[in-house]
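The structure under discussion appears below in the form of structure tokens.
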Amino acid sequence: MLPGLAQHLEAQREPMKAALMDLLRIPSVCAEGAGGFPFGGAVDQALRKALEIAADLGFRTRYGDGGYYGFAEIGEGQELVGILGHLDVVPPGELEDWTHDPFDPVEIDGMLYGRGAQDDKGPLLAALFAAKALLDAGVTFNKRVRFIFGTDEETLWRCINRYKEREELPGMGFSPDARFPLIYAEKGLLQLHLKGRNESGLRMAGGTVINAVPDAMFYDGKRQEALADALDVLGFAYTRRAGGIEVRGKAAHAKDAEAGINAIARTCVALQAIGVSSKAIAFVAHEVAEDPYAARIFGVCADEPSGRLKFNVGKIDLGEAEQLSIDCRIPVSVPKEEVVEKLTVAAAAYGLEYRQFDWLAPLYLPLDHFMIQTLMKVYRAHGGDMASQPISSGGATYARAMQNCVAFGALMPKELVTEHQPNERAVLANLYRAMEIYAHAIYELTR
Ligand SMILES: [Zn+2]
């Protein structure tokens with residue numbers, strides 16, 4: 001421990017909590033364009049409040065590009081270390097599910113309740129006040145440390161994309177917007193459509209979102225009895241409902257597609273078996289079926305740091321056109337072009353055309369990378385946990401918005417995850433622990 005740092009960290013606990021409560025009182029849910037601000041007046045207010053808090057702590061601050069982002073910087077030097085967090089929150093949902101007003105924070109049993117306490121206002125302020133404790137301890141920073149405040153992480157990341165267009169990019173950094181110890185690998189996230197003219201005469205639709213395994217698909221066409229027979233033979237569960245048959249599946253996140261049962265895939269397999277087909281039905285039945293890895297198209301597509309490619313048909317729509325909506329998680333070392341090429345060829349054989357919908361490049365730093373080594377060393381020394389290993393994930397954190405950036409805290413490995421849920425709350429002792437970890441991390445990264 002640096003001399004005096006423990007006392008300075010302790011002295012920042014109450015100010016950090018007070019500042020967090022101020023931020024939690026601002027209902028910074030995205031309201032696009034409202035009041036002339038990019039993401040609404042409340043998001044803007046949260047951004048200004050964060051900059052005010054940082055300025056009071058001695059940071060140089062900047063309100064960026066009409067409220068798309070802001071940043072707060074300390075230290076001197078050529079190199080820039082970035083710490084990337086966000087001030088927008090997801091909507092509270094049903095208010096009756098909350099025991100307290102989501103935007104009037106209360107402390108109960110050492111926990112601070114309020115929307116944003118875990119995601120991401122709490123972790124962001126823990127890191128900010130950690131830097132303040134270092135300043136008070138007389139540490140000189142040999143690199144500049146810049147806190148970058150995002151404002152639409154929960155929606156489309158336009159904030160950070162603007163930042164990247166207009167501002168200096170950090171050479172390395174971390175994002176306190178996930179969990180400890182750290183996430184060093186996140187698969188590439190490709191969302192796409194396969195589209196073609198519908199020449200089948202069939203009309204049907206299934207699935208609600210692209211990034212979830214659909215748990216049901218309803219068929220109300222003419223061949224219901226034949227479909228039921230086929231489902232029986234295949235051993236696929238279904239229920240009869242007014243006017244049709246509902247093929248049953250099991251929901252899962254697309255990143256964990258193998259944990260689900262894809263009701264669209266099962267419906268397509270059964271329909272194809274009774275001769276009810278179309279471009280999309282035939283593609284799904286022949287090329288994918290129930291394989292969450294789509295190995296018929298991609299072979300065994302996997303790597304050591306991040307595991308197998310995952311392939312989820314999230315939606316099917318047979319209208320004027322046929323369209324499949326697909327979420328594909330690509331191993332970190334596999335070039336996206338390779339995947340697109342194989343898929344394009346496979347789809348073309350059925351008269352379907354590939355169209356990209358969204359792409360988030362993978363995040364990957366090898367385990368022997370300086371950042372990983374440094375942050376793991378700090379976490380093990382100050383996190384009270386020697387067992388947890390660096391995490392590889394199919395999900396997407398804010399960290400992948402920047403080069404050489406990893407997701408680092410602030411949830412502790414066994415901490416209850418309440419982000420995006422009613423009664424979101426942060427365990428204050430864990431936030432204080434995170435402050436200590438962040439202080440040492442910032443110290444090490446600025447040597
Ligand atoms: Zn977040």
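Which order do you get for 158, 241 if you rank them by accessible area with a 1.4 Å probe, largest at the top? Could you put the intermediate results ahead of the total?
Working: 158 65, 241 115 Å².
Ranked list, largest accessible area first: 241, 158.
Treating each Cα of the range 128-277 as an identical point scatterer and ignoring solvent, apply the Debye formula and state log10 I(q)/I(0) at q = 0.15 Å⁻¹.
Log10 I(q)/I(0), no solvent term: -0.91.
Evaluate E = 1/(1 + (r/R0)^6) for residue 300 and residue 209, where r is the Cβ-Cβ distance and R0 equals 45 Å; express this FRET efficiency to the nearest 0.05. Provide the component values of the computation, followed by the final result.
Details: r = 28 Å, r/R0 = 0.62.
So, using R0 = 45 Å, E works out to roughly 0.95.
Probe 1.4 Å, all protein chains in place: accessible area of residue 2 in Å², nearest 10?
Spelled out: residue 2, probe radius 1.4 Å, area about 40 Å².
Once amide H atoms are built 1.01 Å from N in the peptide plane, which residues 5 or more positions from residue 251, or in another chain, come under 5 Å H to H?
261
Tell me, how many Å apart are the Cα centres for the range 409-433 and for the range 105-150?
Here the two parts' Cα centres lie 14 Å apart.
³J(HN,Hα) across the range 212-222 via Karplus (A = 6.51, B = -1.76, C = 1.60, θ = phi - 60°), whole Hz, x for Gly/Pro?
10, 5, x, 9, 7, 8, 9, 10, 10, x, 7
Show that you can apply the helix-only estimate: for the chain, add -39,500 (n - 2.57) for every DSSP H stretch of four or more residues, divide by all residues, and state [θ] at 222 nm to the nearest 500. Kindly include the intermediate steps, with their values, before the conclusion.
Numbers: 12 runs with 135 residues, N = 447.
After summing the helix terms and dividing by residue count, I get -9000 deg cm²/dmol.
Relative to the longest principal axis of the chain, what angle (0 to 90°, nearest 10) does the C-alpha long axis of helix 428-445 take?
The two axes meet at around 80 degrees.
Nearest 20 debye, what's the magnitude of the dipole of the chain about its Cα centre given +1 on Lys and Arg Cβ and -1 on Asp and Glu Cβ?
Values: 46 positive and 60 negative charges, 131 e Å.
Once rounded to the nearest 20, the dipole reads 620 debye.
Report the label-to-label distance for residue 6 and residue 248 in nanometres (one decimal), using points 7 Å from each Cα along the Cα→Cβ vector.
That separation, rounded to one decimal, is 5.8 nm.
Placing +1 at every Lys and Arg Cβ and -1 at every Asp and Glu Cβ, with all other atoms neutral, what dipole size does the range 68-168 have around its Cα centre, in debye to the nearest 20?
Working: 10 positive and 20 negative charges, 140 e Å.
So the dipole magnitude of the range 68-168 works out to roughly 680 debye.
Among 340, 233, what's the order by accessible area (1.4 angstrom probe), most exposed first?
Numbers: 340 25, 233 130 Å².
Ranked list, largest accessible area first: 233, 340.
For the chain, with the dipole built from +1 on Lys and Arg beta-carbon atoms and -1 on Asp and Glu ones, taken about the Cα centre, which of 127, 393, 71 lies farthest toward the positive end?
The residue sitting most towards the positive pole is 393.
On the protein heavy atoms, probe 1.4 angstrom, tell me the percent of accessible surface of the chain carried by carbon and sulfur.
Details: 8990 of 18050 Å².
Reported share for carbon and sulfur atoms: 50 percent.
Counting only the heavy atoms of the protein chains, how much of residue 253 is accessible to a 1.4 Å probe, in Å² to the nearest 10?
80
Please compute the per residue accessible area over the chain with all protein chains in place, 1.4 Å probe, rounded to a whole number of Å².
Values: 18050 Å² over 447 residues.
It amounts to 40 Å² per residue over the chain.
Among bridges DSSP assigns within the range 77-168, what percent are antiparallel (round to 5)? If you can, show how the numbers build up before the last one.
Values: 3 of 10 bridges.
If I count the DSSP bridges inside the range 77-168, around 30 percent turn out antiparallel.
Of the beta bridges DSSP finds with both residues in the chain, what % are antiparallel, to the nearest 5?
Values: 61 of 80 bridges.
Restricted to the chain, the bridges split so that about 75 percent are antiparallel.
Restricting things to alpha carbons, tell me how big the range 14-79 is in terms of Rg and Dmax, in Å.
When restricted to the Cα atoms of the range 14-79, Rg and Dmax are 13.2, 39 Å.
Not counting ligands, DNA or RNA, and with a 1.4 Å probe, what is residue 229's accessible surface area in Å² rounded to the nearest 10?
90
In the range 308-373, what GluC sites (Glu not before Pro) fall in a loop by DSSP, with at most 16 other Cβ atoms inside 10 Å?
Details: sites: 320, 322, 337, 338, 341, 353; in loops: 320.
Passing both the DSSP loop test and the Cβ count: 320.
Work from the charge dipole of the chain (Cβ charges, +1 for Lys and Arg, -1 for Asp and Glu, about the Cα centre) and give the residue of 92, 286, 192 farthest towards its positive end.
286
Under a point spin-label approximation (7 Å from Cα along Cα-to-Cβ), what is the residue 344-residue 259 distance to one decimal in nm?
Placing both labels 7 Å beyond Cα along the Cβ direction yields 3.4 nm.
Using a Gaussian network model on the chain with a 10 Å cutoff between Cα atoms, which of 358, 44, 368 fluctuates the most?
368
Given the options 108, 160, 437, which has the most mean-square fluctuation in a GNM of the chain, springs set between C-alpha atoms less than 10 angstrom apart?
108
Answer with one residue from 429, 361, 318: the one whose Cα lies farthest towards the positive end of the charge dipole of the range 306-447, charges on Cβ with Lys, Arg +1 and Asp, Glu -1.
429
Please work out the Cα convex hull volume for the chain and give it in Å³ per residue.
Values: hull volume 71.8 nm³, N = 447.
Output value, Cα hull per residue: 161 Å³.
Take residue 94 and residue 224, extend 7 Å from each Cα along the Cα→Cβ direction, and tell me the distance between the two endpoints in nm.
Result: 3.1 nm between the two label points.
Alpha carbon centre of the range 283-346 versus the range 184-203: separation in Å?
When both Cα centres are located, 9 Å separates them.
Please state the equivalent ellipsoid semi-axes for the range 386-447: what are the square roots of 5 times the Cα gyration tensor eigenvalues, largest first, in whole Å?
Working: eigenvalues 89, 62, 30 Å².
Calculated on Cα positions only, the semi-axes equal 21, 18, 12 Å.
Would you kindly calculate the translational diffusion coefficient of the range 332-447, applying Stokes-Einstein with the Kirkwood radius from alpha carbon pairs, for 20 °C and a viscosity of 1.002 mPa s, and quote it in µm² s⁻¹ without decimals?
Details: Rh = 17.3 Å.
Approximately 124 µm²/s, per Stokes-Einstein.
Mind grabbing the base-10 log of I(q)/I(0) for the range 229-301 at q = 0.16 Å⁻¹? Debye formula, identical points on the C-alpha positions, no solvent, two decimal places.
The Cα Debye sum returns log10 ratios of -0.59.
Just subtract the alpha-carbon distance of residue 370 and residue 79 from 0.36 nm times their residue separation and send over the number in nm, one decimal.
On the way: separation 291, 0.36 × 291 = 104.76 nm, distance 1.51 nm.
Between residue 370 and residue 79, full extension yields 103.3 nm more.
For the range 207-242 and the range 151-171, what is the separation of their Cα centres, given in Å?
After rounding, the separation between the Cα centres reads 42 Å.
Given the convex hull of the Cα atoms of the range 55-142, what is a quarter of its surface area in nm²? Kindly include the intermediate steps, with their values, before the conclusion.
Values: hull surface 31.1 nm².
With every direction weighted equally, the projected area is 7.8 nm².
Could you work out, for the range 74-206, what percent of all Cα-Cα pairs fall into each 10 Å distance bin, beginning at 0 Å and stopping at the bin that holds the largest distance?
It works out to 9, 28, 29, 18, 10, 4, 2, 0, in whole percents.
Roughly speaking, what % of Cα-Cα pairs in the range 197-336 are separated by over 20 Å, rounded to a whole number? Walk me through the numbers before you get to the answer.
Working: 4257 of 9730 pairs.
Value for the range 197-336: 44 percent of Cα pairs lie more than 20 Å apart.
Using a 1.4 angstrom probe with every protein chain in place, what is the largest-first accessible-area order of 315, 414, 187?
Sorted by accessible area, descending: 414, 315, 187.
The values are calculated or read from the model by the stated rules, or taken from the named source; none is laboratory data. All of these numbers come straight from a predicted model, not from anything done at the bench. So basically every Cβ, Gly included, is an ideal-geometry build from the backbone, and we count neighbours across all protein chains shown. Each accessible area value is taken on the protein alone, full model and side chains, heavy atoms only, with ligands, DNA and RNA left out. Shrake-Rupley method; radii C 1.70, N 1.55, O 1.52, S 1.80 Å.
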